[in-house]
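Participant: Below is one structure. I have some questions about it.
The values are calculated or read from the model by the stated rules, or taken from the named source; none is laboratory data. All values derive from a computational prediction rather than experimental measurement. Methodologically, a virtual Cβ is constructed for each residue, glycine included, from the backbone with ideal geometry; neighbour enumeration extends over all protein chains shown. Side chains are part of the model used for accessible areas, which takes the heavy atoms of the whole protein and leaves out ligands, DNA and RNA. Shrake-Rupley method; radii C 1.70, N 1.55, O 1.52, S 1.80 Å.
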Amino acid sequence: MTKKYSEDIHDYVEPFYINGLEGRMLKAGTKTSKTKQILYVYDILDSLENSWGIIENLRSYGNVTAVDLPGVGGMTYFSKIEHPITIDAYADYLAAFIKLSFKRKKLVIVAKGFGFVAITRMLLKYPILSDKIKTVINIGGEVHNDDLQLTTNKKKVLAFCFDVFSLWPISFITKKILMNERYLGFMSNIIGLSNYQNILRFNTMLLFEEHLKIIRKIHMTSYWRLMSQLVKLDNCTYRINVPLKHAYIQNFGFTNYPTQKQHMMIAYKNYRAYEIHVPKKQELSSKKTDSYLLPKSIKRALATAKA
């Protein structure tokens, strides 16, 4: 892997092996002379390649590390090594990765969607790691299932459906369906992806070719089992001794922001929220789109964080 500065993601990706799992790790040097260490953890429908836009933005503030997640982005999935597919398993995996890769170094964590869920569970299971982490920056992640504007019965039904979808060969069939362009367009209209405010969270879904690249690599059984657990999520068991900065989109999708804020204030100390302001017109390039995921206040926090 080259050490010099490059704008090509392939110059920073190398194989990564841990506990029988096989994937990739990315280490992208900063654009500046800063020595800050930033760990980026992507969402459940992301990959290293799809995250390159936000990683390039983060490089303005320090050295960025990212790693494949089991069953997501092309990495070996947990059941291949006879390990249960649970949020706790992802928490264990990330804890092992941080201990291995950062050792005595302090770091800032930027996590998107499911990545934030896994990082929160990791800090709940391994509170000793709180001493290594200066700040957690959350982009669109949840801490409790009540953050969703869904009734208890609807969540139970969804959990049941997701569990059924995770069964073979149903998971195989759903993967083929998700790779169908007509179905994708239909679902985009159903859940309101034509609404411009949703571009940031679902930018991969707007470009069918990018969506296909991700779906081809994802292990659908892992995806559905995690979705089932997310509608039952409770990461508010006790307070994590790490400051949290939350980037959110107002009135987005199924999220109830006031309830979400209350839960995050329970889960983390020094909670601060920063609204993502989506411009009425923007280009659908990953670098420019992902730059809006980091509000100016978040960028200032990244610039001043000592890690």
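Participant: Share of Cα-Cα pairs in region 71-184 beyond 17 Å, in percent?
Facilitator: Tail of P(r) above 17 Å: 68 percent of Cα pairs.
Participant: Which order, highest average first, do 52-59, 20-27 follow once you tally other Cβ atoms within 10 Å for each residue and take the mean per peptide?
Facilitator: Going from most to least packed, we get 52-59, 20-27.
Participant: Per the 1.4 Å probe, what fraction of the accessible area of region 1-131, in percent, lies on carbon and sulfur atoms?
Facilitator: Percent of accessible area from carbon and sulfur atoms in region 1-131: 50.
Participant: With labels modelled as points extended 7 Å from the Cα through the Cβ direction, what inter-label distance (nm, one decimal) is found for residue 173 paired with residue 88?
Facilitator: Reported label-point gap for residue 173 and residue 88 is 3.2 nm.
Participant: Given N residues in region 115-168, what is Rg(Cα) / (2.2 N^0.38 Å)?
Facilitator: Expressed relative to 2.2 N^0.38 Å, the Cα Rg reads 1.51.
Participant: Using only alpha-carbon positions, what ratio does the radius of gyration of region 1-52 give when scaled by 2.2 N^0.38 Å?
Facilitator: 1.24
Participant: With the convex hull built on the Cα atoms of region 1-100, state its orientation-averaged projected area in nm².
Facilitator: 6.2
Participant: Now, a different point. Which net charge results when you count Lys and Arg as +1 and Asp and Glu as -1 among the other residues whose beta-carbon is under 9 Å from that of residue 16?
Facilitator: Combined, the nearby Lys, Arg, Asp and Glu give -2.
Participant: How would you order 144-156, 5-17, 68-80 from highest to lowest mean count of nearby Cβ atoms within 10 Å?
Facilitator: 68-80, 144-156, 5-17
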